[in-house]
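Values in this text are rule-based calculations from the coordinates and carry no lab data. No experiment lies behind these values; they were computed from the predicted model shown. Note that we place each Cβ from the backbone using ideal geometry, even for glycine, and neighbour counts take in every protein chain shown.
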Amino acid sequence: MHPAIISNNLSKKEEKPTPFKRQYNQPGILYPVTNHALSITDTEFASIAYAFLDCLPRIGSGNPKGIAIAETSEQMPLLVVDRYLVPRGKRPVISPSITNPQEAIDDFLRFARTPETNSDRIQLPHFERWIGDAALEKLQEYSALFVDTVLQA
């Protein structure tokens, strides 16, 4: 049956069928995101950092748009930036199969930090990791580099 006929038949009823389902980014949902770039320069990575930070307010359909980086109860962003020649440590990725947000956050932080250090910056031979606010500051630093060298050049 044609949708217009269905709509006319249902005009006396309160609900009308919608041919699509509206979906919004709901508060409290954790979206695991990982991005890996191989053998790139700082200038090339600056464009990735700019694109990542600039896309956050535009993700989603309908209104309101945008998502934010998830944070812990202490307002620390759940964000990790690695720079390495040799991968070290565990990969801090939140599994979509974990339905308890606190468990996912705890796993993320456990994977991000090494047992030897409890800081937001890890420096080992051929490996650097920024965690939380330090990672966000590093991305903003690279994003500013992209603006200065490309957009305003």
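Tabulated values for the structure
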quantity	calculated
Farthest positive-ward along the stretch 24-151 dipole, Cα basis, beta-carbon charges - from 150, 100, 125	100
In Hz, Karplus ³J(HN,Hα) per residue of the stretch 120-128 (6.51, -1.76, 1.60; θ = phi - 60°; x = Gly, Pro)	8, 9, 10, 10, 10, x, 6, 8, 9
Computed lengthening from residue 41 to residue 111, 0.36 nm per intervening residue step minus Cα-Cα distance	22.6 nm
